[in-house]
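One structure is given here, and the rest of the page talks about it.
The values are calculated or read from the model by the stated rules, or taken from the named source; none is laboratory data. Here the structure is a predicted model, which means the values were calculated and not measured. No Cβ is skipped: glycine too gets one built from the backbone with ideal geometry, and neighbour counts run over all protein chains shown. These area figures cover heavy atoms from the full protein model, side chains too; ligands, DNA and RNA do not enter into them. Shrake-Rupley method; radii C 1.70, N 1.55, O 1.52, S 1.80 Å.
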Amino acid sequence: MLTIFIKELNSYFSSLVAYITIVIFLTAMGLFLWIFPDTSILDYGYAGLDSLFNIAPYLFMFLIPAITMRSLAEEKKEGTFELLATKPLTDWQIVLGKYLAALALVIIAILPTVIYYYTVYHLGAVEGNVDAGAVIGSYIGLILLGAAYVAIGVFCSSITKNQIIAFAIAVFLSFFAFSGFDAISQLLALQKIDDVIINLGINHHYQAISRGVLDTRDLLYFLSLITVFLVLTKTILGGRKW
C-alpha cells in the first residue's frame, strides 16, 4: 500500500495535477475571502472564517473529482491495471494506496489556508477575538468532507475507463450527498421524516462539526460513508475475478 501511495503522490506532483489543484483552490478561496464583496471577511464586521468553510465544500465538489478521476480509470484505459493486479498486492492495498494519496493532496491544499486564520486573528479590533474551537472544528470537518469526496471520486473512477465520465458522476454524487438530502427533506410528502432524511446528508454533519462540537455520531457518519464507498470500490475491482 505504501508503494502505491508514494507512486500515486509522485505522479500528482510530477504532472501539473497537484499544482493546478492547489493554485486554483487557494486563488478561489483568496478571491472569495478578501475580494468579492458578498463574501469578503473585510465586509463582515467581525473576525471569522465562515466564508472559507461555507465555500470550500462547493469548490471541492469539482476539484476533488478532477484529482480522483484518473486514479483507476486511467489504469483501466491504458491496460496497466492488469499489470498492477499481477503484483503481490491485494485489492485493498491498491484501493487504499490510491485513496490515501488523493486525500494527502487534498490536505496539502488545505494547509496553506491556515495563514487566513493567522491574518484574521490579528485583524480583529480586539486581537485574538476569534472562536478557535469553531475554527479547529471546521478544519476537522473540512478534512472529513474532503475524505468523503475522495472516497466517492475513487469509486466513480473504478466503474468506468473514461475519466470525463468518472469526473461527471463524482461531481453529481458529491453534490447529491452534500445537498441532495436537504432538498428531498423539503418535499411536502416527506415532512414527517425530514429529520431522518437530513441526517443522511453530509451537510448536516459537516455543519455540526463546524460549530466546534465533535459528536461521535458525526464522526461515525463520515467514517461509515468513506467505508461504504471504499468497500464498493474494492468490490468493483474484485469483479474482474468473477
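Structural remarks
- Helix 163-175 vs. the chain, principal-axis angle (Cα, 0 to 90°, nearest 10): 40
- Angle in degrees between helix 50-68 and the longest Cα principal axis of the chain, rounded to the nearest 10: 10
- Cross-link partners of Lys77 among lysines (Cα-Cα below 21 Å; sequence separation of 8 or more within a chain): Lys7, Lys87, Lys98, Lys161, Lys234, Lys241
- Atom-type composition of the exposed protein surface of the chain places 69 percent of the accessible area on carbon and sulfur (1.4 angstrom probe).
- Dipole of the chain, positive direction: furthest Cα of Tyr58, Phe155, Leu123, with charges on the beta-carbon: Phe155
- For the chain, the longest principal axis of the Cα atoms and the long axis of helix 114-123 meet at an angle of about 0 degrees.
- Annotation: per residue accessible area for region 2-239 equals 49 Å², rounded to a whole number [probe 1.4 Å, protein chains only].
- Peptides 137-147, 208-218 ordered by average Cβ neighbours within 10 Å, highest first: 137-147, 208-218
- When each of the peptides 26-36, 169-179, 153-163 is scored by how many other beta carbons lie within 10 Å of its residues on average, the order from highest to lowest is 153-163, 169-179, 26-36.
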